[in-house]
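Everything on this sheet refers to the single structure shown next.
FYI, it's all coordinate maths here, none of it is from the lab. Note that the structure is a prediction, hence the values are computed from the model and not measured. For neighbour counting, all protein chains shown are included, and Cβ atoms are generated from backbone atoms with ideal geometry for every residue, glycine included.
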Amino acid sequence: MSTAVAVKKDKAPFDYNKYLRPNKLPHIWCPGCGHGIVLKAMLRAIDASGLSKDQICMVSGIGCSSRTPGYVDFNTLHTLHGRAMAYATGVKLAKPSLKVIVITGDGDALAIGGNHFIHTCRRNIDMTVLVYSNAIYGMTGGQYSPTTPQGANATTSRYGNIEPVFDCCELAKASGATFVARGTAYHCQELEKIIFEAVQHKGTSVVEILDQCPTYYGRQNKYKSVTEMMEKIEKDGTVSVKQADKLPPEKLQGKLLRGVLHKIERPEYCEQYKKFIIGKAQGK
Amino acid sequence: MAEKKKKLLQGNEACAEGALYAGCRFYAGYPITPSTEIAEHLSVRLPKVGGKFIQMEDEIASIAAITGASLTGLKSMTATSGPGFSLKQEGIGFACMAEVPCVIVNVMRGGPSTGFPTGPSQSDVMQAKWGTHGDHPVVAVAPAYVQEILSETVRAFNLAEKYRTPVMVLYDEIVGHMREPIVLPEKGELEVIDRIKPTCNSEEYFPYDDKYEIAPLAAYGEGYRFHVTGLNHKKDGFPTNDAKLIQEGNERILRKIENHKNDIWKNEELELNDAKIVVFAYGSTARSARYAVKEAGNSGKKVGLLRPLTLWPFPEKAVEELAKRVKVIIVPEMNMGQMIVEVERYARGKCEMKNPDSQAAGILLGKEFYYLPPHQNLWCGGLHSSPVKEVLRRPRSKERGLRRAFRSRWEVYNVNSSCSKKR
């Protein structure tokens, strides 16, 4: 299994600087934010995949997570709020040799960018979409997002959020994504394997990554510490796909599944374009 | 030399052919009347030359996709009309800020809102200039003939690549859907400009290097791992909060157009030498104006035409110079008075300003500018059943108030009968 390659034991410490732009650090993320953990897991997964830095194009929208491309030494594109996948579609279709990775957040991908999200999945264009889901708009100061749980507090839901949440993974699956997975910042080694697998996948791969925003979500919802947030939301709030098989349904109530949730083979957009459209037009 | 073969093409098809001639290899768009034929034509033609065509999920995605594609080194284009142009504005601003060459075609239709999808208009000329937020450079060209749509689309690509900026092609439904015989240019006949790429090594490469007026633009995946953002940035492309650097960056993107206005401007001048009355007209309105000017000339009147093919940056030099020596500048346009404001600004009160009856939609039907044979007018849906009377009747009192809100002075002006008579 190729996933075994992702985690190397008894090796020298991983050199993150190989992939970072050290002179662009420190990053803007708050103490306790999960984005740094996700970034490191992603860099380890990319390293394991053997892709060269020139081969990777990282595209993001707007928000805390979308600042990631500024810190990594790839071809990087920090675009408009919600539009990362649309820009990424242009990049990928124009130059299919690039490995496109989209970094986006829950508000960016599922609210303002919802249309681009579902249509990217529908086309099954080859790109990896990492949705950093912290259930809040962090950059603007803690407003409720499409993944804020019902009843939770935010600066725009002072009486508790009444809106039901979007299940990012179900949405991706229903829209046609061919690889759908969920990871968390708490399970960072597992996350590394998931991202590795997502990057290897041909077609649209979506990984929802639950991480924590202690500054805005944590404080407004009375979490005493970052560890409490990580344990309650990411550890106790999820159950891995393997464990879920063994558990009775009542124990799965209110828990999100973790791991690779959906993986199928379906023709990829750029290949289809080359084969059918260019092929037919040029009479090949 | 053998005579060149003429083709009967629609304006929108000519636009697509112009894009291909210029080397466009990526198109993303969303269906919208009256621009859709551009997409339809390119969906057939682009794959034949190995180019990419994609119909995106919406207008915003289309401008986003062409910007992304352009960063991989492909010349790219999108086409739309009024409502779609509004939706694209944020993306146009991004391309201005990130200095990504691309071409946006807007086949103007009546507005506001859904407006008059199947009718012509020139009411997006100010949106082209001010549509996106923030101070930004704008280049827009305005062809008036089918042949010219082809050549101006090529020029739009050239300007985009040369100045690393989005360029808009503005024409209206009349020429967009009109069929005229045109000659497809041979290879090498029209100038085609490609963007300058860096030759330095990657450590020395800065995508917004201020040592150049227009910095070379690398393509993604070719070894220059650069950063692009819509945030105010330094010369290395990374965001900055430094007010001084922000000021410098914004000035630089404005200056790169400002300093090259002479290269970007393009005007057609007709009978201007001893003209006392000048018509300032662009796009299909200029076709009617040309007819009116010729008619006036035949009856011994000294009337000239100034037709800007570059609307933005505004042809201020030509207008300033004219205003000093002519009595009247007439600005007919298919809107409630947009470019006339700019013309007035540069005429600086040195001559009289007139506009014929403004139209929110439909060609200018006043006898003065009536050019198209009546049968071509059918698509106007009988809105203007009696063109001449229509002009004479206006403005109705209620309308007059409305129009005064737009502009302080306005009269219906008849070139043919007298150059000073007001109605």
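If packing is taken as the average number of other Cβ atoms within 10 Å across a peptide's residues, how do B:114-126, B:91-103 rank, most packed first?
So the order, starting with the most tightly packed, is B:91-103, B:114-126.
Starting from the amide H of B:MET108, placed 1.01 Å from N in the peptide plane, find each other amide H under 5 Å away whose residue is 5 or more places distant or on another chain.
B:TYR171, B:ASP172, B:GLU173
Starting from the exponent 0.38 and prefactor 2.2 Å, build the expected Rg for the stretch B:146-214 from its residue count and divide its actual Cα Rg by it.
1.53
Write down the percent of antiparallel bridges among all DSSP beta bridges whose residues are both part of the protein assembly as shown, to the nearest 5.
Of the beta bridges lying entirely in the protein assembly as shown, close to 25 percent run antiparallel.
Just name one of A:PRO214, A:TRP29, A:VAL91: the one whose Cα is farthest towards the positive end of the charge dipole of chain A (beta-carbon charges, Lys/Arg +1, Asp/Glu -1).
Working it through, the farthest residue towards the positive pole turns out to be A:VAL91.
Please state the charge dipole magnitude for the stretch B:1-97, taken about the Cα centre, from unit charges on C-beta atoms (+1 on K and R, -1 on D and E), reported in debye and rounded to the nearest 20.
540
Grab the Cα-Cα distance for A:ILE277 and A:THR156, subtract it from 0.36 nm times how many residues apart they are, and report the gain in nm with one decimal.
Stretched out fully, the A:ILE277 to A:THR156 stretch lengthens by 38.8 nm.
Near A:LYS251, which lysines are there with a Cα under 29 Å away, not counting those fewer than 8 places off in the same chain?
A:LYS173, A:LYS193, A:LYS222, A:LYS224, A:LYS232, A:LYS235, A:LYS242, A:LYS263
Among rounded, prolate and oblate, which fits the protein assembly as shown when a ≥ b ≥ c are the square roots of the eigenvalues of its C-alpha gyration tensor, a/c under 1.5 means rounded, and a/b larger than b/c means prolate?
Prolate is the answer for the protein assembly as shown, as a/c is 1.5 or above and a/b outweighs b/c.
Give me Rg/Rg_expected for the stretch B:46-172, where Rg uses Cα atoms only and Rg_expected = 2.2 N^0.38 Å with N residues.
Cα Rg divided by the expected 2.2 N^0.38 Å: 0.99.
Using only alpha carbon pairs under 8 Å that are at least six residues apart, calculate the relative contact order of the stretch A:35-147 and give it in whole percent.
Across the stretch A:35-147, relative contact order equals 24 percent.
Under a cut-off of 20 Å between alpha-carbon atoms, report the lysines in cross-link reach of B:LYS350, not counting same-chain residues fewer than 8 places apart.
Once the sequence-local lysines are set aside, what remains near B:LYS350 is B:LYS276, B:LYS302, B:LYS317, B:LYS324, B:LYS327, B:LYS421, B:LYS422.
Which FRET efficiency value, to the nearest 0.05, is calculated for B:ASN262 and A:ASN23 with the Förster distance at 56 angstrom and r the Cβ-Cβ distance?
So the FRET efficiency works out to roughly 0.90.
Answer rounded, prolate or oblate for the stretch B:108-195, using the Cα gyration tensor with square roots of eigenvalues a ≥ b ≥ c: rounded when a/c is under 1.5, else prolate when a/b is larger than b/c, else oblate.
Oblate.
Can you tell me the FRET efficiency between A:ARG219 and B:GLU248 if r is taken as the Cβ-Cβ distance and R0 is 30 Å, rounded to the nearest 0.05?
That pair, A:ARG219 with B:GLU248, gives E of 0.20.
Fewest Cβ neighbours within 10 Å first, please rank A:THR89, A:THR156, A:THR128, B:THR36 accordingly.
A:THR156, B:THR36, A:THR128, A:THR89
With N residues in the stretch A:16-91, what two-decimal value do you get for its Cα radius of gyration over 2.2 N^0.38 Å?
Expressed relative to 2.2 N^0.38 Å, the Cα Rg reads 1.08.
Over all directions, how big on average is the projection of the convex hull of the alpha-carbon atoms in the stretch A:130-182, in square nanometres?
Result: 4.0 nm².
If amide hydrogens are placed 1.01 Å from N in the peptide plane, which non-local residues have theirs closer than 5 Å to the one on A:VAL102?
Residues meeting the amide H criterion: A:VAL59, A:THR128, A:VAL129, A:LEU130.
Around B:GLU99, under 10 Å between beta carbons, what's the net of Lys plus Arg minus Asp minus Glu among the other residues?
+3
Other chains' Cβ within 10 Å of B:51-58 residues: what's the mean?
6
Toward the positive end of the charge dipole of the stretch B:6-183, about the Cα centre and with charges on Cβ (Lys, Arg +1; Asp, Glu -1), which of B:PHE85, B:TYR145, B:LEU46 goes farthest?
Comparing the listed Cα positions along the dipole, B:LEU46 ranks first.
Non-local amide H neighbours of A:GLN143 (under 5 Å, H modeled in plane, Pro and chain starts lacking H): which ones?
Answer set, sorted by chain and number: A:TYR137, A:THR155.
How far is helix A:84-94 tilted, in degrees, relative to the longest principal axis of the Cα atoms in chain A, given as a value from 0 to 90 rounded to the nearest 10?
Helix A:84-94 sits roughly 10 degrees off the main axis of chain A.
All other residues with a Cβ under 9 Å from the Cβ of A:THR147 taken together, and with Lys, Arg as +1 and Asp, Glu as -1, what is their net charge?
-3
By DSSP, what percent of the beta bridges with both residues in chain A are antiparallel, rounded to the nearest 5?
Around 20 percent of the beta bridges assigned by DSSP in chain A are antiparallel ones.
Per-residue Cβ counts within 10 Å, from other chains only, averaged over A:53-59: what number is that?
The shielding value for this peptide is 4.
Given a Förster radius of 25 Å and the C-beta distance between B:VAL341 and B:ASP274 as r, what FRET efficiency does 1/(1 + (r/R0)^6) yield to the nearest 0.05?
Efficiency, from the Cβ-Cβ distance: 0.35.
Springs between alpha-carbon pairs under 10 angstrom, Gaussian network model over chain A: which of A:SER49, A:SER97, A:SER145 fluctuates most?
A:SER97
Using only the Cα atoms of the stretch A:244-284, build the gyration tensor, take square roots of its eigenvalues as a ≥ b ≥ c, and label the shape rounded, prolate or oblate: rounded if a/c is under 1.5, else prolate if a/b is larger than b/c, else oblate.
prolate
What is the magnitude of the charge dipole of the protein assembly as shown about its Cα centre, with +1 placed on the Cβ of each Lys and Arg, -1 on the Cβ of each Asp and Glu, and no other charges, expressed in debye to the nearest 20?
1060
Output ³J(HN,Hα) for the stretch B:240-257: one whole-Hz value per residue in order, computed from phi by the Karplus curve 6.51 cos²θ - 1.76 cosθ + 1.60 with θ = phi - 60°, and x for Gly and Pro.
So the J values, rounded to whole Hz, are 9, 10, 6, 4, 5, 5, 4, 4, 4, x, 5, 5, 5, 5, 6, 5, 5, 8.
Give the relative contact order (percent, whole number) for chain A; include only Cα pairs under 8 Å separated by 6+ residues.
Relative contact order comes out at 18 percent.
Divide by every residue of the protein assembly as shown the summed helix terms, -39500 (n - 2.57) for each DSSP H run of at least 4, and state the resulting mean residue ellipticity at 222 nm, rounded to the nearest 500 deg cm²/dmol.
Computed mean residue ellipticity for the protein assembly as shown: -9500 deg cm²/dmol.
Which order do the peptides B:300-307, A:73-80, B:180-187 come out in when sorted by mean C-beta neighbours inside 10 angstrom, highest first?
In descending order of packing, they fall as A:73-80, B:300-307, B:180-187.
How big is the dipole moment of the stretch B:6-183 about its Cα centre under a simple scheme where the beta carbon of each Lys and Arg is +1, that of each Asp and Glu is -1, and everything else is neutral? Debye, nearest 20, please.
Rounded to the nearest 20 debye, it is 520 debye.
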